[in-house]
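One structure below.
The values are calculated or read from the model by the stated rules, or taken from the named source; none is laboratory data. What you are looking at is a predicted structure, and each value in this text was computed from that prediction instead of being measured. No Cβ is skipped: glycine too gets one built from the backbone with ideal geometry, and neighbour counts run over all protein chains shown.
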Amino acid sequence: MTVRILSDLLLEMRGICKSFPGVRALDEVYFDVLRNEIVGLVGENGAGKTTLMRILCGIHRPDQGEIVLEGKKVSFKNPRDAREHGISMVFQEQSILPNLTVAENLFLGYEGFFSQRGIFSKRKILAKAKEILEEFGLTFDPDLPVHRLSFAERQMLEIARNIWSAQASSVRTPILILDEPTTFLEEKEIELFFAKLKEIRERASIVYISHRLSEVVSLCDRIYVLKDGKNAGVFDRAEASEELLRSRMVGRKFEGEYYLTDMQGRPRDEVLLEVRNCTKRGKFYNVSFQVAKGEVVSICGAVGSGKEEVCQMLFGLLKPDEGDILVEGRKVIINSPEEAVALGIGFIPEDRRSEGLVLNLPVVENVTLPILEGLRKGAFVDSQKQMEIAEKMIHRLNIKTPSPRTPCANLSGGNQQKVVLSKWLVSRVKVLVMLHPTRGIDVGAKQEIYRLIRDLSKQGIGMIILGDSFEEDIGLAHKILVMKDGRVQAVLDATESKPTPADVLQYVV
Amino acid sequence: MERTISAAKIKIGQIVGREKILALSVVIILFAVLAISNPSSFLSSYNIGTLLDYATTYFVAAIGLTFVILIGSIDLSLGGMLSLFTVVFTLALNRFGYIAYPLVLSLGLGCGLLNGVVFTRLKIPSFIGTFGTAGLYQSLALVVSGGRPIGLNIASVHKLDVLNFELGVLKGIHILGALLFFVFWVIQSYFPFGRYVMAVGSSERAVYLSGVKVNRVKNLAFAISGFSAACAAIVLVARMLSGDPTIGMSYQLPVIATVVVGGNALTGGIGGIFNTLLGTFVVVLVGNGLNVIGVDVYYQTIVTGIIAMIAVALTLDKSKVKIVK
Amino acid sequence: MPFIQENSSALALVGLTVLFGGANPRFFTLSNLFNILDLVSLLMITGSAMSFVLMTGSIDLSVEGVVGLSGVIASFLVKNLSNSNDFGYFALVVCLGVGLLFGLLNGAIFSKLRIPSFMTTLGIGYITNGIGVLLTKGNPVVISDWGFRQLGVGRIGFVPNTFIIGSLLLVIMWFVHERTFFGRYILAIGGDEAIARDLGIKVERIKVGVFGLAGALYGIVGALLTAKLGSGDITAPRGFTFDSIAASVLGGVAITGGIGSVPKALIGALILTILRNGMILMGISPYVQQGVIGAILIFTVALTLDRAKIPVLK
């Protein structure tokens, strides 16, 4: 590593620890930012990059550790506090108000600079806005409503706003955190964007988070790698390369036994679901794959890969612009979850507490929710049958609950997930789409879910899984679909011999 | 920690029906206080009769509104519907006879469905959608009636006999109220529809993602609201022997009050028809009690309004309203 | 295309004027125009007040109650046939105060107890109506203060006094909206409350302020209404809530919040008034008008609703 002069050190984060229920997101992480540099932050999904930056910009507070800014210890109570110290983050879901004009957004919250006794001069505001826009090389009219700007323009506007407001608060060198900024930008826009970032480097420091290693390597002065919530290396631009970074991002011992690979059977020949050349502009392009009876297909990809959107399409939450979906050989159009369920497709959403279960209803109600119409004795609900079914599921999936009448809110995460699973088994689903099925569940319960997945596979149920880590995706799958930026980059076979995480990573980033 | 507390709260609520107990105790206390302090006026058959009359009218109108509130929406067109239906029912009785009954009930279903469709098809939030349809119904009421109350023909009065039939203090309308209570309580507790209503109110997204026809549940809830408004209009006409195009206005809030005071949360998913029944008695007893003590009738509306707000504040599920609109 | 979209209400206004004017030349007579100005003046005040509330993403159903109550109070305070008070124009100040009080109450309950605005304002509207009925016991108080009455029925040239007062208030409202922090933040809150909060805007304070401002305006309208009618009738403002909301929506104020302005409220009030006026000239019964406007309201909201803003429809 090259020697750095101490006065160049703008920000130090030391010994940062942060845990959320069920997961230790950051473990003794260190991260420094030098003055006027672009520093990259890379790592797998869930490695802790976003959590670390959220702590930096005041959204979360660290459980342990300290942040030292310009030599002074700081602790941010909220994002506004961080902003006043010059630190701000630009996400994908922009924090710009489309119903206001450019100038209004630029100065939102900081109008005090243009007013006397609470009254503004519109002329002054527009003039100052024009000045600032020119500084950043932006040519749009400050009186324009923001909803008329393109995504790239809005992003630049937000960056300009953050930097300007930091400097208005007398911050010498603002720190701008960019989280996956190029995901929605076109090729041409990206070049322009990088040029602007380099200009901005003259007056600020930039933290650049991205899964696109090629960009990180070409743009950043230094690069940090995080893996499983811990530091996995710091590299200067000179020494960094995509392969080096990749090698640091993965490398856990692959424990096949944990994923019960010995229980993995072979899928049958019959194709249950086929996706043919499906495209949703802006999300995914030309995606094709098949799911056979009993086959487990994992889709791997980073942010912006389109994997979540493909899953949503299969459950009727998204309509493709082009392409076909075939269920058991027949072309179908899935307009809503209702129709998906009627076709035998089930869905386990990412957020089981708000989307997977009706929390304050008892287990028995949740388990029988999709089939309630059919569980009737005359016009009434057949409570007896309902109970029988619920008890059968509780027994079969080994759901730990005091009684079938216990509200689901009282169950642990793992058992809640089993209830969600049982809901679909009860409705005799043919294909199950699962988004992060083991997220937030303890180790023991995770294994039970893996066992269940093996069981379902034996029974001939097809599954599409978005796992929490490459290891999980690899361990569970018969077939791995790797997506990047909306396209399928590779299809890896995992029935006979398992690919390594590095094998997968090369296509993801 | 937070999860344990909310889990415990839900557990207790499940076993004991906390909001029901509160409402029930309030009803019993109110009744006892009034009976003991003013036995002669409060317990007189005239007063009990009046009590039951108001309770029936409010409760029948509140049945449908209960379902709408349980799914987490609101129906502000109740007043307009009541105005329209009393007028239509009276006119129809005068001109067509007994067919007025099925006519007004179908009209009720129709208007309710219209509310539902505006909500589910046009996707207009219920507070503004039903506000708009309220204008429509109110307007129709005025048009059809020419702006004036319509009296029932002497000849037609006997067509209301089954409703005005008296057995001591009980009238036919009270029996109707009890019957409707029973029917809809069964529907809410034992029909799949009733279960779905509670589920949608608790966690609509999860129900939607389970493949349930959520829109159908919502439309049906609004249809029932229209239907019960029609029943309430029938009760009103039986009492007043006339139809009034402006009568609905003053019912909108008290009926909402009966639903929320009974413990139905505005946010949905908590409560039920029995809760509404309790709420009705609380509201009616308070009003009646004020009368009996000799308090100006004019204070009643103020008190009802205040009680309603307090009840909403208490039962609101704050976690569901991250951003108050 | 964007020009048409953004100025659709102004264009609709022009279109309506041409339509009704063409159908009935009486539309353009001086007396009819005076009529329109007179009718629109109160509506533009309540309409812009309602627009402010709508811009923050809430709704105010207490209009009739607060207008009615302050009208009743005005009738008690000026020279009248029931008591010996003679406060004259001071009554306007009191009415403003009363309206402000209930408006702030709306805001406080709404933000502290987190009760949705439709319920809060519905309740307050009901309660204020009840107080008004209580005070008058059903018998409106007739006023005899000629000077005060001029506020409501008098005119300068052919412009009604109410229109002059309304215009003045509108200019003030416009200024507040365009040139003060308070006014600017209203749209930010309606646009995305979470973002506004993150940027340090004191959301609760502004919401309470908006309700208070609206209430104060309703108070003034109440006094003016009493001046106009010559008595404090609690039932006089019937339909005001509906009209204020309809006017705002027709002018282009979004029900979901974040979009609106004083000019939009004014245009909406004009559209609604001309619609009504035009229908009367065409011989359409006032009873039918309500229904027509209700349908137009639903239609307009359906067209302009920003559905992306409503994650779960309630």
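The listed residues are A:VAL250, A:VAL287, and the only one of them that is crowded, with 18+ Cβ neighbours inside 10 Å and modelled with pLDDT of 90 or more turns out to be A:VAL287.
Any residue at all in the range A:356-364 that is within 9 Å of chain B (Cβ to nearest Cβ), assigned to a strand (DSSP E or B) and either modelled with pLDDT under 90 or crowded, with 23+ Cβ neighbours inside 10 Å (or both)?
no
Could you say whether any residue in the range A:27-48 is closer than 28 Å to C:ALA194 by Cα, of a type in the set (A, V, I, L, M), in contact with a strand residue (DSSP E or B) (Cβ under 7 Å, 6 or more places away or on another chain) and without any contact (Cβ under 8 Å) to a residue 24 or more places away in the chain? There is no residue in the range A:27-48 that is closer than 28 Å to C:ALA194 by Cα, of a type in the set (A, V, I, L, M), in contact with a strand residue (DSSP E or B) (Cβ under 7 Å, 6 or more places away or on another chain) and without any contact (Cβ under 8 Å) to a residue 24 or more places away in the chain.
From the list C:VAL262, C:VAL249, exactly one residue is more than 10 Å from every other protein chain (Cβ to nearest Cβ) and under 17 Å from the mean Cα position of the chain (by Cα). Which is it?
Among C:VAL262, C:VAL249, only C:VAL262 is more than 10 Å from every other protein chain (Cβ to nearest Cβ) and under 17 Å from the mean Cα position of the chain (by Cα).
Could you say whether any residue in the range C:100-113 is in contact with a Leu (Cβ under 7 Å, 6 or more places away or on another chain) and under 25 Å from B:ASP75 (Cβ atoms)? The answer is no, given that none of the residues of the range C:100-113 is in contact with a Leu (Cβ under 7 Å, 6 or more places away or on another chain) and under 25 Å from B:ASP75 (Cβ atoms). Does A:GLU84 qualify as being over 21 Å from the mean Cα position of the chain (by Cα) and within 22 Å of A:LEU245 (Cβ to Cβ)? For A:GLU84, the condition - over 21 Å from the mean Cα position of the chain (by Cα) and within 22 Å of A:LEU245 (Cβ to Cβ) - is not met. Pairs linking a residue in the range C:176-188 that is facing chain A (nearest Cβ under 7 Å) to a residue that is among the small types (Gly, Ala, Ser) and surrounded by 19 or more Cβ atoms within 10 Å (Cβ to Cβ), with Cβ atoms under 6 Å and 6 or more positions apart or on different chains, are C:LEU187/C:GLY258; C:ALA188/C:ALA196. For the condition within 18 Å of A:GLU131 (Cα to Cα), touching a residue at least 40 places away in the same chain (Cβ under 8 Å) and not aromatic (Phe, Trp, Tyr), A:ILE159 qualifies. Evaluate the range A:80-98: report whether one residue or more is farther than 28 Å from A:THR182 by Cβ, among the basic types (Lys, Arg) and not in a strand (DSSP E or B). Among the residues of the range A:80-98, not one is farther than 28 Å from A:THR182 by Cβ, among the basic types (Lys, Arg) and not in a strand (DSSP E or B), which makes the answer no.
Could you identify the single residue in A:LEU144, A:LEU133 that is more than 14 Å from chain C (Cβ to nearest Cβ) and more than 29 Å from the chain's Cα centre (by Cα)?
Of the residues listed, the single one that is more than 14 Å from chain C (Cβ to nearest Cβ) and more than 29 Å from the chain's Cα centre (by Cα) is A:LEU133.
Would you call A:ILE38 touching a Pro at 6+ places or on another chain (Cβ under 8 Å), buried (at least 23 other Cβ atoms within 10 Å of the Cβ) and at pLDDT 90 or above?
Taking the combined requirement at face value, the residue does not satisfy it.
Within the range A:428-455, the set of residues being surrounded by 20 or more Cβ atoms within 10 Å (Cβ to Cβ) and closer than 18 Å to A:ILE389 by Cα comprises A:VAL429 only.
I want to confirm something. Restricting to the range A:212-244 and keeping residues that are charged (D, E, K, R) and part of a strand (DSSP E or B), which single residue is surrounded by the fewest Cβ atoms within 10 Å (Cβ to Cβ)?
A:ASP236
For B:GLY262, the criteria (1) surrounded by 24 or more Cβ atoms within 10 Å (Cβ to Cβ); (2) within 30 Å of B:ALA100 (Cα to Cα); (3) not aliphatic (A, V, I, L, M) hold in every case but one, which is (2). For the range A:55-84, filtering for residues that are within 14 Å of chain C (Cβ to nearest Cβ) and either in contact with a Pro (Cβ under 9 Å, 6 or more places away or on another chain) or within 13 Å of C:LEU199 (Cβ to Cβ) (or both) leaves 10.
The residues listed here are B:GLY289, B:GLY294, B:GLY279; of these, the one that is crowded, with 24+ Cβ neighbours inside 10 Å and either of a type outside the set (A, V, I, L, M) or at pLDDT below 90 (or both) is B:GLY279.
Taking the condition surrounded by 24 or more Cβ atoms within 10 Å (Cβ to Cβ) and in a helix (DSSP H, G or I), does B:ALA223 pass? No: the conditions fail for B:ALA223. Just one of the listed residues (C:LEU272, C:LEU297) is of a type outside the set (Asp, Glu), within 28 Å of C:LEU69 (Cα to Cα) and facing another protein chain (nearest Cβ under 7 Å), and it is C:LEU297.
Out of B:VAL217, B:VAL237, one residue alone is part of a helix (DSSP H, G or I) and more than 30 Å from A:LEU435 (Cα to Cα). It is B:VAL237. Condition check for B:GLY146 on (1) within 27 Å of B:LEU76 (Cβ to Cβ); (2) surrounded by fewer than 22 Cβ atoms within 10 Å (Cβ to Cβ); (3) within 14 Å of chain A (Cβ to nearest Cβ): one failure, at (3). A single member of C:GLY107, C:GLY123, C:GLY97, C:GLY103 is away from chain B (no Cβ under 13 Å), in a helix (DSSP H, G or I) and surrounded by 21 or more Cβ atoms within 10 Å (Cβ to Cβ), and it is C:GLY103.
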